[in-house]
């Protein structure tokens, strides 16, 4: 008795299609990752953030300077006004203008900055153009950025405490 074996053409066998399917899936996945990467470039990081990146910005020099000056304060948002009450060892030595930055928790497109002018003894006022995010990080600094205070805005109403701490 002779046994005859039927040889199917390659395209009727399951194994080549499985291998081609895996290779095709790799091509589709790689193309998708390349498309996402090219259409969503990383955000531009500028200033002193360039060297360390957005998440690691403090080398403890600014917070140490703020601690040595005895700085701490509270930030209040009253409609379109920002009110900062700041305390220091020598409040009169503080500059006439300060900068306050509201950093969005996820994207720099939601960041905003306000220049505050001195109104009274340790009290500074500025006007908001954009309402900051409910969970924004708040950074108060002099214009030369030799020191800074930071705090986090919570969803609750009321003043926000800013103190010398690392970001």
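The values are calculated or read from the model by the stated rules, or taken from the named source; none is laboratory data. Since the model is a prediction, treat every value here as computed from it, not as a measurement. Positions of Cβ are generated from backbone atoms using ideal geometry, with glycine treated the same way; all protein chains shown enter the neighbour counts.
Looking only at residues in region 1-58 that are touching a helix residue (DSSP H, G or I) at 6+ places or on another chain (Cβ under 6 Å) and surrounded by 10 or more Cβ atoms within 10 Å (Cβ to Cβ), which one is modelled with the lowest pLDDT?
Result: 57.
Could you check, for region 123-139, whether at least one of its residues is outside any loop (DSSP other than H, G, I, E, B) and in contact (Cβ under 8 Å) with a residue 60 or more places away in the chain?
Yes, because at least one residue in region 123-139 is outside any loop (DSSP other than H, G, I, E, B) and in contact (Cβ under 8 Å) with a residue 60 or more places away in the chain.
Do the conditions hold for residue 86, that is, is it modelled with pLDDT of 90 or more and within 16 Å of the chain's Cα centre (by Cα)?
no
Considering region 140-166 alone, what residues qualify as being touching a strand residue (DSSP E or B) at 6+ places or on another chain (Cβ under 9 Å) and not in a strand (DSSP E or B)?
If the condition is that a residue be touching a strand residue (DSSP E or B) at 6+ places or on another chain (Cβ under 9 Å) and not in a strand (DSSP E or B), then 143, 145, 147, 153, 154, 157, 158, 159, 164, 165, 166 are the ones that fit.
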